[in-house]
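Asker: Please see the structure below; I have some questions.
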Amino acid sequence: ETGYITFDEGYGNTGSCKSEITFIDGEKGILRHRGYRIEDLAEKARFLETAYLIIYGELPSGDDYEAFRGRVHRNTAIHVGMESHFDGFPLDAHPMAILSSLLNSLGCYYPNLASNDREQDLEHFDEAAPLAISKVRTLAAMAYRMKVGKPFVYPDHKLLYSQNLLHMMFSEPYEQYVASETVAHALDLFLLLHADHEQNCSTSTVRMVASGGANLFASVSAGVSALWGPLHGGANMAVIRMLEAIHKDGDDGSRFIEAAKRKEARLMGFGHRVYRNFDPRAKILGKACTRVLDEMGKSDPLLDIARRLEQAALEDSYFIDRKLYPNVDFYSGILLKAIGIPVEMFTVLFAIGRLPGWLANWREIASEKDGRIHRPRQIYTGPAERDYIPLRTR
Ligand code: SDX
């Protein structure tokens, strides 16, 4: 009656709702990647180390980690032929549209990694995955530079993963931008916390596309498109715009809360289809906002408003009854803003962080023994059988 397809009906015959990658307990607010708690990874690991864990299932040894980082490092530059793609976009093209297009196009420059022959693509996965993780960063930075009308900045191979992204976004011909340890670590933490999240909208999209045998570039490109939606990855931009509007209205958040309860507004960054408790990533990001702003000697009135919204919502029966808590997007925008990332790039950075999870899920589907195409069934709610009416009588 609801028109919703339950996962069993939709995928039952393919068993695709089974995965070994990420575990979430929404009632208890638990998130684990391959058995490791997100709190431990956030405190002790780095983004690329967590990416390796999510993709391969184990924390890397020192040698494996260095080999993986080396492959990422060596693949930062893109084929010069891809630069001309940017000439075809209008200057105000959204970076998510550019990223989705160019990630798919990567497969054209590396056809041996994107053959759509499952065996061959799996065989080349160890080369393709770090290449994608590296080049997504370069393509994102180029999309930003095009948007602000500045020349592309080539990667600096002396820099670490997050620092190189910021260098390619913000360096000028007369001055290289080298992010401080605080800023680089904050970005690395942001990416780590977004690395995978079970069967969310974009990851399920990647699995759907992968189940048809499509290569990993085409599959993650579809993931970018799914992530762009304001109810999914686009929420981090919507949170900042919501907080700015509240701030501009001189509201301390209480008027906005009442509007949300009247369903005249949505508290962006709140609620989750699975978490009926705090999203553990929101807790970590909330603390990181305070730490980073303190270390940078900055303050942000939007953080004060966010804190008040969180407090008010956690005491208000409307939100308590609906089990609405802050999710990953509630504080992530404030953190990105504090380290100088422009709002239009927020969802792009979410995509960079989520790429390892998409790659791991592509690999899991591609590796399925009797890998079958996903073919959800439906509850038909259209008209019953009826006869054709000739045009002249209509
Ligand atoms: C991400 O799946 C993932 O894991 C996603 C993600 C990931 O890492 O991949 O975690 C990332 O997408 C996080 C979510 C980001 N989106 C937002 O913050 C947008 C704001 N949130 C909502 O739109 C909403 O909470 C969803 C989309 C996240 C979840 O929607 P549901 O579970 O379908 O909830 P619902 O729409 O059925 O709402 C249930 C009730 C309704 O009220 P009633 O009709 O019962 O009276 O809760 C209300 C809704 O009106 N409600 C909200 C609300 N979210 C739900 N009311 C005010 N503000 C909100 N944010």
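Asker: Of everything in segment 330-378 that's within 13 Å of the ligand (Cβ to nearest atom) and either open to solvent by 10 Å² or more (accessible area, probe 1.4 Å) or polar (S, T, N, Q) (or both), which residue is farthest from L187 (Cα to Cα)?
Answerer: The extreme case among them is N361.
Asker: What residue, of K323, K263, is within 12 Å of the ligand (Cβ to nearest atom) and more than 26 Å from the chain's Cα centre (by Cα)? Before the answer, list the steps.
Answerer: Values: K323 fails: more than 26 Å from the chain's Cα centre (by Cα).
Answer to the selection: K263.
Asker: While we're on this one: Looking at this structure, is L309 at negative phi, open to solvent by less than 40 Å² (accessible area, probe 1.4 Å) and within 16 Å of the ligand (Cβ to nearest atom)?
Answerer: Spelling it out, L309 is indeed at negative phi, open to solvent by less than 40 Å² (accessible area, probe 1.4 Å) and within 16 Å of the ligand (Cβ to nearest atom).
Asker: Follow-up question, since we're still on this one. Which one of these does A260 not meet: (1) open to solvent by 10 Å² or more (accessible area, probe 1.4 Å); (2) more than 14 Å from A235 (Cβ to Cβ); (3) out of contact with any His (no Cβ under 8 Å at 6 or more places or on another chain)?
Answerer: Unmet condition: (1).
Asker: In segment 158-178, what residues are closer than 19 Å to L191 by Cβ, open to solvent by 40 Å² or more (accessible area, probe 1.4 Å) and not aliphatic (A, V, I, L, M)?
Answerer: F170, Y177
Asker: Right, next: Might you let me know whether segment 70-86 holds any residue that is of a type in the set (S, T, Y), open to solvent by 50 Å² or more (accessible area, probe 1.4 Å) and more than 24 Å from the chain's Cα centre (by Cα)?
Answerer: Checked against the condition, which is being of a type in the set (S, T, Y), open to solvent by 50 Å² or more (accessible area, probe 1.4 Å) and more than 24 Å from the chain's Cα centre (by Cα), segment 70-86 yields at least one hit.
Asker: Taking segment 266-295 only, how many residues are more than 13 Å from V328 (Cα to Cα) and either at pLDDT 95 or above or open to solvent by 30 Å² or more (accessible area, probe 1.4 Å) (or both)?
Answerer: So the answer is 6.
Asker: I need the full set of residues from segment 119-153 which are open to solvent by 30 Å² or more (accessible area, probe 1.4 Å), farther than 21 Å from W228 by Cα and assigned to a helix (DSSP H, G or I), in order please.
Answerer: Those that are open to solvent by 30 Å² or more (accessible area, probe 1.4 Å), farther than 21 Å from W228 by Cα and assigned to a helix (DSSP H, G or I): E119, Q120, L122, E123, D126, E127.
Asker: Go through segment 204-248 and report how many residues are among the hydroxyl-bearing types (S, T, Y) and either surrounded by fewer than 21 Cβ atoms within 10 Å (Cβ to Cβ) or within 14 Å of the ligand (Cβ to nearest atom) (or both).
Answerer: The qualifying residues number 3.
Asker: May I ask you to verify whether N112 is assigned to a helix (DSSP H, G or I) and in contact (Cβ under 8 Å) with a residue 60 or more places away in the chain?
Answerer: Numbers: assigned to a helix (DSSP H, G or I): yes; in contact (Cβ under 8 Å) with a residue 60 or more places away in the chain: no.
No, not satisfied.
Asker: Then there is this: For T182, work out the one condition from (1) crowded, with 24+ Cβ neighbours inside 10 Å; (2) away from the ligand (no atom under 16 Å from the Cβ); (3) within 22 Å of D329 (Cα to Cα) it doesn't fulfil.
Answerer: Going through (1) crowded, with 24+ Cβ neighbours inside 10 Å; (2) away from the ligand (no atom under 16 Å from the Cβ); (3) within 22 Å of D329 (Cα to Cα) one by one, T182 breaks only (1).
Asker: Continuing with the same structure: Report, ordered by the first and then the second residue, all pairs with beta carbons closer than 9 Å, sequence separation of six or more or different chains, a first member in segment 314-336 that is free of Cβ contacts under 8 Å to residues at least 12 places away in the same chain, and a second member that is within 11 Å of the ligand (Cβ to nearest atom) and open to solvent by 30 Å² or more (accessible area, probe 1.4 Å).
Answerer: Pairs found: L314/Y325.
Asker: Given the residues D196, D156, which is the only one that is within 27 Å of F23 (Cα to Cα), among the acidic types (D, E), outside any helix (DSSP H, G or I) and touching a His at 6+ places or on another chain (Cβ under 8 Å)?
Answerer: None of the other options fit; the residue is D196.
Asker: Out of curiosity, is K298 open to solvent by 10 Å² or more (accessible area, probe 1.4 Å), within 9 Å of the ligand (Cβ to nearest atom) and more than 19 Å from T347 (Cα to Cα)? Break it down stepwise before answering.
Answerer: Numbers: open to solvent by 10 Å² or more (accessible area, probe 1.4 Å): yes; within 9 Å of the ligand (Cβ to nearest atom): no; more than 19 Å from T347 (Cα to Cα): yes.
Here the answer is no, as K298 does not meet what is asked.
Asker: Oh, and also: Enumerate the pairs (first residue in segment 255-281 and closer than 12 Å to P326 by Cα; second residue anywhere and of a type in the set (V, I, T)) with beta-carbon separation below 6 Å, excluding pairs fewer than 6 apart on the same chain, so at least 6 apart or on different chains.
Answerer: Qualifying pairs under 6 Å: M268/V239; G269/V239; D279/V328; P280/I38; R281/V328.
The values are calculated or read from the model by the stated rules, or taken from the named source; none is laboratory data. Note that this is a predicted model, so its numbers are computed, not measured. Ideal geometry is used to build each Cβ from the backbone, glycine not excepted, and the neighbour counts take in all protein chains shown. Each accessible area value is taken on the protein alone, full model and side chains, heavy atoms only, with ligands, DNA and RNA left out. Shrake-Rupley method; radii C 1.70, N 1.55, O 1.52, S 1.80 Å.
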